Amino acid sequence: MAAEVIYQQKSEFDPSIARSSELLINQIDRFELLLSDLLEVSRFDAEAAALGVESFDICSMVRKTVDYLHPSKSPLFEITVSKEPIFIEADPRRIERILRNLISNAFEHSEGKTVKVLVTESENEVAIGVRDFGLGFNKEDASRLFDRFWRADPSRARTSGGTGLGLSIALEDAKLHQGQLLAWGEKNKGAHFVLTLPKRHGTSVQSSPIDLKPTDSQSTLQNS
């Protein structure tokens with residue numbers, strides 16, 4: 001694209017023009033992300049979304065997702081997973097997309113505090129809990145978390161680069177697997193998102209091995 005050529009040659013330009021080329025590329029990237037998300041939403045609406053099911057280790061995927069998204073800030077993440085692999089039958093692309101959304105959101109709203117990621121299992125289900133200790137959200141916001149384009153703080157849209165469709169798509173991805181994606185939060189006590197999936201394709205979630213309301217929710221203190 002012409003914009004990419006300009007960006008690659010920005011060192012030859014006046015500083016103001018070079019900065020403009022950076023902004024142009026950023027806006028193009030955001031537009032492409034929005035277009036991709038809108039296409040995905042249209043597939044859900046048309047009931048045309050399909051699963052590419054494979055067997056994979058969810059524990060390994062969680063670790064790799066944290067390392068990929070925040071390699072320099074991994075010490076801020078407290079990851080608790082089984083030493084043994086937990087294999088599930090699911091669409092790895094869609095599950096990784098859910099994890100990226102939940103982990104990125106938790107980090108963005110963590111206020112610099114630790115983010116806890118827990119992976120555990122029952123006989124037929126596996127659950128991933130993502131807990132942050134940031135600002136949290138109130139009951140009114142809770143009912144709209146998974147609405148398309150909704151944001152509790154619209155100003156974050158200018159800094160996070162998101163489309164406002166991430167949680168909506170994550171919920172649809174979970175439902176496509178006959179799974180669950182639930183959220184708990186309280187103002188100034190952070191948030192907890194729990195993704196529960198059936199281990200075997202073609203079955204549905206009956207219960208989650210992770211409680212939605214975290215046991216540490218009684219305290220607002222958390223070591224960073």
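What number of residues in segment 121-154 are closer than 30 Å to Thr203 by Cβ and part of a loop (DSSP other than H, G, I, E, B)?
Residues meeting the conditions: 8.
So which residues in segment 143-173 are at pLDDT 85 or above and among the acidic types (Asp, Glu)?
Within segment 143-173, Asp147, Glu172, Asp173 qualify.
State which residue is farthest from Glu123 (Cα to Cα) when the search covers only segment 42-62 and only residues that are outside any loop (DSSP other than H, G, I, E, B) and at pLDDT below 95.
Ser42
Answer yes or no: is there a residue in segment 63-73 that is in contact with a helix residue (DSSP H, G or I) (Cβ under 7 Å, 6 or more places away or on another chain), in contact (Cβ under 8 Å) with a residue 40 or more places away in the chain, under 26 Å from Ser208 (Cβ atoms) and surrounded by fewer than 16 Cβ atoms within 10 Å (Cβ to Cβ).
No, there is no match, as no residue in segment 63-73 is in contact with a helix residue (DSSP H, G or I) (Cβ under 7 Å, 6 or more places away or on another chain), in contact (Cβ under 8 Å) with a residue 40 or more places away in the chain, under 26 Å from Ser208 (Cβ atoms) and surrounded by fewer than 16 Cβ atoms within 10 Å (Cβ to Cβ).
Being in a strand (DSSP E or B) and within 20 Å of Ala170 (Cβ to Cβ) is true for just one of Leu102, Leu118. Which residue is that?
Among Leu102, Leu118, only Leu118 is in a strand (DSSP E or B) and within 20 Å of Ala170 (Cβ to Cβ).
Mind listing whichever residues of segment 120-136 are on the phi < 0 side of the Ramachandran plot and either of a type in the set (Gly, Ala, Ser) or buried (at least 22 other Cβ atoms within 10 Å of the Cβ) (or both)?
Matches in segment 120-136: Ser122, Glu125, Val126, Ala127, Ile128, Gly129, Val130, Arg131, Asp132, Phe133, Gly134.
The values are calculated or read from the model by the stated rules, or taken from the named source; none is laboratory data. Just so you know, these numbers come straight off a predicted model, no measurement behind them. Neighbour counts are summed over all protein chains in view; Cβ atoms, including those assigned to glycine, are modelled from backbone coordinates with ideal geometry.
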